[in-house]
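J.: So that we are looking at the same thing, I have put the structure below in structure tokens.
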Amino acid sequence: APPPEAPGRQNLSGAAAGEALVGAAGFPPHGDTGSVEGASQPTDNGFTPKCEIVGKDALSALARASSKQCQQEIANVVCLHQAGSLMPKAVPRHCQLAGKMSPGIQWDEVRAQQPVDGPPVRIAYMLVVHGRAIRQLKRLLKAVYHEQHFFYIHVDKRSNYLHREVVELARRYDNVRVTPWRMVTIWGGASLLRMYLRSMRDLLEVPGWAWDFFINLSATDYPTRTNEELVAFLSKNRDKNFLKSHGRDNSRFIKKQGLDRLFHECDSHMWRLGERQIPAGIVVDGGSDWFVLTRGFVEYVVYTDDPLVAQLRQFYTYTLLPAESFFHTVLENSPACQSLVDNNLRVTNWNRRLGCKCQYKHIVDWCGCSPNDFKPQDFLRLQQVSRPTFFARKFESTVNQEVLEILDFHLYGSYPPGTPALKAYWENTYDAADGPSGLSDVMLTAYNAFVRLSLRHAAAAAPPLATPLCRFEPRGLPSSVHLYFYDDHFQGYLVTQPVQPSAQGPAETLEMWLMPQGSLKLLGRSDQASRLQSLEVGTEWDPKERLFRNFGGLLGPLDEPVAMQRWARGPNLTATVVWIDPTYVVATSYDIAVDADTEVTQYKPPLSRPLRPGAWTVRLLQFWEPLGETRFLVLPLTFNRKLPLRKDDASWLHAGPPHNEYMEQSFQGLSGILNLPQPEPAEEAARRHAELTGPALEAWTDGELSGFWSVAGLCAMGPSTCPSLELCRLTSWSSVFPDPKSELGPVKADGRLR
Ligand code: UDX
């Protein structure tokens, strides 16, 4: 039977992606790696390999790699491999046991109550994080913190906002440190193992950090048992290493995991370079790269001059998802092999039907899988595991914060009545210190327009006598932008902007809340309850969580929007989706088949761009009767390449697609049955709009945007000339409002923060 962490295991179309039950590897992608004829010809970059490269995978990688440095590295690796001098051929095995050992430790509630021998263990927590979810990370740290433990944090080199925040928080606790070096730890990359090995060495060498166990966590993990329970359990199992194995046929695992393929990481990509042999003499194993390791084993891995470790390090330098197999393989062939427990003490929310969609093929030449985020309905499953477990993944507060609240309260009790912001979640999406590279033209346009709309609102909403005091001019770019969620619903953007009062007074900083206005209309016919639950258009569709990661749905003429429908169960049906541009051009029309149990359908029509700016309509019809309709905005851009839009750019960027054709095929014949109005006035307006620049363009952009967004509030970061502005600190939606669940205070008498 599949282990409990693989509840929804299902095969993907023939590719059997559900096989790797605890790890992330899936299967090789097909048809996306190209194939290149030719050998040691100079490439476009004028670089010549040192040997004749013959393998199809290697040639494909060379053709796709864009930097000369990366091409050179790929060629060097392949040439060494072809010469037989890259990979170890045989590796010594020191384990005295034959085959897999250790039945695993059962959760023994009786034994768990008994007193522990020796001092309680101390844990080195390795937090491996990326992204921007600092508030969830703080919440995690708060939940696992104890003054007796140690915390070492690696932040992906690309996640600078998170790094700044983490450095700030580490300053406040002696036992929290941030790696003084950083790597670009791409998904599944060889760099993840390099990062672990370097961090382990650091952790062994911090003076005074006398830890007994190493536990890695990501920012999407959360404990499922208290610190006391974990410490008691580990104190009774001081000499065990906890690593979860795939638990199936080993040769199948090797294939699924791509262990018999050579990979090399460069240009933030794992290139598949061809086949290789598993070294003789050892047993390779693997599964999950979330583990709990003894200090003794970490010391062995870091310091031994045993050829077992040296050669496996070499082998795993060229391995996809190396951390899912390196530690298993070292341990199981080492003298300490009997210390293995086949349980990583975690629950992982695998749902391979959703999580194995080959979503990482732009990062790794392989189809990888990811676990799903937990939701409140999964809570029981979090607890009903027969083996001992102490952590679970994944959790994302932008997807569901309620389950974290349930879990956190279950562990450490609820917060006192009246505690603010328990249902609120803020996530930074832009910070001025990110520099201009943190902003796309769409974001730049939208945030500036949000500020203009808000400042106009501030003056208009002020009492008549105060109006002159409530006029402000923006000064420069926003200093930060947050996504704001309440009760697990997106509430809009919070833009923080330095401003100058138009009347006299010093500069101020205001925060402005822009809330999306829904535009969905469900038109289910009365004779038949419609299955359609919602209809949305957006970008950054996440097939795993089945939502748009571009939460605010801001998009511009160069984007490639997706239309998504959610369905209740019901009879099979075929629906027609029609996209109508702001001048009533029927851009596309297509049918979708909706089976009885289909929950979500989504499609990205291959429209020619630029899309015409303005309000678009997407209609969903059945037998040409409307089921639902939504509008979405293609934002007219006031910036191009981060500079104010110029007339010659506007005349193509805002003029719609070449020849007014979104597709080769015309769908204009549908305008009658769709009952569309005469297009001439809209066409005339569009022609005028495409000429606009400067303030007139801003006015158009603001007007379009205000059809989709409303100003829901403004507050002031400090004292303001405008008497009607509240202090943000006292404003419940503001990003500076107290958020105790994510605030780290002084260490309490019991050694904890939570
Ligand atoms: C799955 C497996 O659960 C995990 O064991 C395997 O390492 C990767 O695939 P998934 O949710 O897909 O997990 O990966 P994710 O949590 O996003 O990333 C794994 C680790 O790499 C995390 O610690 C994450 O912070 C880090 N990472 C990932 C980065 O540092 N940078 C990235 O760009 C991506």
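Read-outs: derived from the displayed coordinates by stated rules, not from any lab. Note that this is a predicted model, so its numbers are computed, not measured. Note that each Cβ is placed from the backbone with ideal geometry, even for glycine, and that neighbours are counted across all protein chains shown.
J.: Among Ser437, Ser608, Ser60, what is the fewest-to-most ranking by other Cβ atoms within 10 Å?
T.: Details: Ser437 8, Ser608 15, Ser60 20.
Fewest-to-most ranking of Ser437, Ser608, Ser60: Ser437, Ser608, Ser60.
J.: Turning to a different aspect of this structure: How many angstrom lie between the C-alpha centres of region 699-740 and region 123-185?
T.: That distance is 31 Å.
J.: Binned at 5 Å from 0, what are the whole-percent values of the Cα-Cα distance distribution for region 536-617, short to long?
T.: Taking all Cα pairs of region 536-617, the binned fractions are 3, 13, 24, 23, 19, 12, 5, 1 percent.
J.: Moving on. What is the set of long-range amide H partners of Leu627 at a cut-off below 5 Å, with H atoms built 1.01 Å from backbone N?
T.: When sequence neighbours closer than 5 places are left aside, the close amide H contacts are Leu620, Leu621, Gln622.
J.: Report, in debye and to the nearest 20, how large the dipole of the chain comes out about its Cα centre when Lys and Arg carry +1 and Asp and Glu carry -1 on their Cβ. Intermediate values should be presented prior to the final figure.
T.: Details: 78 positive and 81 negative charges, 239 e Å.
Charge dipole, the chain, about its Cα centre: 1140 debye, nearest 20.
J.: If you don't mind, another one. Using Cα pairs closer than 8 Å and at least 6 residues apart in sequence, work out the relative contact order for region 443-583, in percent.
T.: Details: 192 pairs, mean separation 22.5, N = 141.
Averaging sequence separation for qualifying contacts and normalising by length gives 16 percent for region 443-583.
J.: Please compute the length gained on full extension between Gln383 and Asp174, using 0.36 nm multiplied by the number of residues separating them and subtracting their Cα-Cα distance. It would help to have the intermediate numbers written out before the result.
T.: Details: separation 209, 0.36 × 209 = 75.24 nm, distance 3.32 nm.
That pair, Gln383 and Asp174, stretches by 71.9 nm at full extension.
J.: Using 0.36 nm times the number of residues separating Asn675 and Ser608, minus their current alpha carbon distance, what extension gain do you get? Display every interim value, and only then the final one.
T.: Numbers: separation 67, 0.36 × 67 = 24.12 nm, distance 2.42 nm.
Taking Asn675 through Ser608 to full extension adds about 21.7 nm, to one decimal.
J.: Which whole-number percent gives the relative contact order of region 347-392, counting Cα pairs below 8 Å spaced six or more residues apart?
T.: On the way: 45 pairs, mean separation 18.7, N = 46.
Answer for region 347-392 is 41 percent.
J.: From largest to smallest, what semi-axes in whole angstrom does region 149-240 give when each is the square root of 5 times an eigenvalue of its alpha carbon gyration tensor? Each step should come with its number before you reach the end.
T.: Values: eigenvalues 112, 51, 43 Å².
The answer is 24, 16, 15 Å, longest axis first.
J.: Bin by bin, in steps of 10 Å, what percent of the Cα pairs in region 393-540 do you find, going until the bin that has the longest distance?
T.: The distribution over region 393-540 is 9, 27, 27, 23, 12, 2, 0, given as percents.
J.: In units of 2.2 N^0.38 Å, what is the alpha-carbon radius of gyration of region 305-420? It would help to have the intermediate numbers written out before the result.
T.: Working: Rg = 19.0 Å, N = 116, 2.2 N^0.38 = 13.4 Å.
Cα-based Rg divided by the globular estimate yields 1.42.
J.: Work out the length of the dipole vector of region 442-537 about its Cα centre, built from +1 on the beta-carbon of each Lys and Arg and -1 on the beta-carbon of each Asp and Glu, and round it to the nearest 20 debye. Intermediate results must be reported in sequence, preceding the final value.
T.: Details: 7 positive and 7 negative charges, 65 e Å.
So the dipole magnitude of region 442-537 works out to roughly 320 debye.
J.: For a footprinting-style exposure proxy, rank Val178, Val330 by other Cβ within 10 Å, fewest first. Walk me through the intermediate numbers first.
T.: On the way: Val178 19, Val330 25.
Result, fewest neighbours first: Val178, Val330.
J.: Counting residues in the chain as N, plug N into 2.2 N^0.38 Å and put the Cα Rg over that result.
T.: Values: Rg = 28.5 Å, N = 754, 2.2 N^0.38 = 27.3 Å.
Relative to the rule-of-thumb radius for its length, the chain sits at 1.05.
J.: Restricting to DSSP H runs of at least four residues, report the calculated mean residue ellipticity at 222 nm for the chain, -39500 (n - 2.57) per run over all residues, nearest 500 deg cm²/dmol.
T.: Details: 18 runs with 183 residues, N = 754.
About -7000 deg cm²/dmol.
J.: Moving on to the next point. Could you list Cys722, Cys79 so that the one with the fewest beta carbons within 10 Å of its beta carbon is first and the one with the most is last?
T.: On the way: Cys722 24, Cys79 18.
Least to most surrounded, the residues fall as Cys79, Cys722.
J.: Return a whole-number percent for the relative contact order of region 341-441, with Cα pairs under 8 Å and 6 or more residues apart as the contact set.
T.: Working: 100 pairs, mean separation 23.9, N = 101.
The value is 24 percent.
J.: Further question on the same structure: In whole angstrom, note down how far apart the Cα centers of region 222-262 and region 436-481 are.
T.: Distance between centres, Cα-based: 51 Å.
J.: Of the cross-linked pairs Lys50/Lys361; Lys521/Lys604; Lys142/Lys357, which ones have a Cα-Cα span greater than 23 Å in the structure shown?
T.: Details: Lys50/Lys361 28 Å; Lys521/Lys604 21 Å; Lys142/Lys357 34 Å.
As for pairs spanning more than 23 Å Cα to Cα, those are Lys50/Lys361; Lys142/Lys357.
J.: Relative to the present Cα-Cα distance, how much length would full extension add between Glu299 and Arg182 at 0.36 nm per residue of separation?
T.: Numbers: separation 117, 0.36 × 117 = 42.12 nm, distance 2.19 nm.
Answer, rounded to one decimal: 39.9 nm.
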